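The values are calculated or read from the model by the stated rules, or taken from the named source; none is laboratory data. These numbers were taken from a predicted model, which means no experiment stands behind them. Ideal geometry is used to build each Cβ from the backbone, glycine not excepted, and the neighbour counts take in all protein chains shown. Keep in mind that these areas ignore ligands, DNA and RNA; they rest on the heavy atoms of the full protein, side chains included. Shrake-Rupley method; radii C 1.70, N 1.55, O 1.52, S 1.80 Å.
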Amino acid sequence: MSNKRSTLAENSVAGIDCCPVMATLGVIGGKWKPAILYQLVGADVLRFGELKNRLSGITQKMLTQQLRELETEGVIRRKVYAEVPPRVEYSLTDYGRSLSPILDAMAHWGIHHQNLVAKQSA
């Protein structure tokens, strides 16, 4: 297994030498992207305002930036309706839905971690 890992780590992904975990983090890493994706996994479609309300503490500028990056990666779809005021909806692409097991595992681990920390501080 260590041979496989070292071989994978030596591969170049999108011009950046990294291991597969780093390639994944390159797409979904950061403070807000996993939270955005987790909200979209739980809902078929969310509007910008709905996302912003669900993500306590994110600024409009940061949400816009993160959504654009996820759209560029092909993970989310942005649909604009020609209405006044404009309505914009976000949803996961099929490619983005393939991240569901990863996000579910992260959520499961996070719950376990929160419970462990709570027990240790009690």
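Under 8 Å between Cβ atoms, which residue pairs at least 6 apart in sequence (or on different chains) link something in the range 99-122 that is part of a helix (DSSP H, G or I) with a partner that is open to solvent by 90 Å² or more (accessible area, probe 1.4 Å)?
Hits for this filter: L103/Y38; M106/Y38; A107/Y38.
If you go through the range 3-20 one residue at a time, how many are of a type in the set (V, I, T), in contact with a helix residue (DSSP H, G or I) (Cβ under 8 Å, 6 or more places away or on another chain) and either loosely packed, with under 11 Cβ neighbours inside 10 Å or at pLDDT 85 or above (or both)?
Narrowing the range 3-20 to residues of a type in the set (V, I, T): 7, 13, 16.
Next cut, in contact with a helix residue (DSSP H, G or I) (Cβ under 8 Å, 6 or more places away or on another chain) only: 13, 16.
After this cut, where a residue has to be either loosely packed, with under 11 Cβ neighbours inside 10 Å or at pLDDT 85 or above (or both) as well, the list is 16.
Here the count works out to 1.
How many of the residues in the range 21-76 are charged (D, E, K, R), touching a helix residue (DSSP H, G or I) at 6+ places or on another chain (Cβ under 9 Å) and either surrounded by fewer than 18 Cβ atoms within 10 Å (Cβ to Cβ) or in a loop (DSSP other than H, G, I, E, B) (or both)? Explain how you work it out, then say what you get.
At the first step, the residues of the range 21-76 found to be charged (D, E, K, R) are 31, 33, 44, 47, 50, 52, 54, 61, 68-69, 71, 73.
From what's left, touching a helix residue (DSSP H, G or I) at 6+ places or on another chain (Cβ under 9 Å): 31, 33, 50, 52, 54, 69, 73.
Next cut, either surrounded by fewer than 18 Cβ atoms within 10 Å (Cβ to Cβ) or in a loop (DSSP other than H, G, I, E, B) (or both) only: 31, 50, 52, 54, 69, 73.
The qualifying residues number 6.
Could you say whether any residue in the range 77-89 is open to solvent by 80 Å² or more (accessible area, probe 1.4 Å) and closer than 22 Å to A23 by Cα?
Checked the range 77-89: at least one residue is open to solvent by 80 Å² or more (accessible area, probe 1.4 Å) and closer than 22 Å to A23 by Cα.
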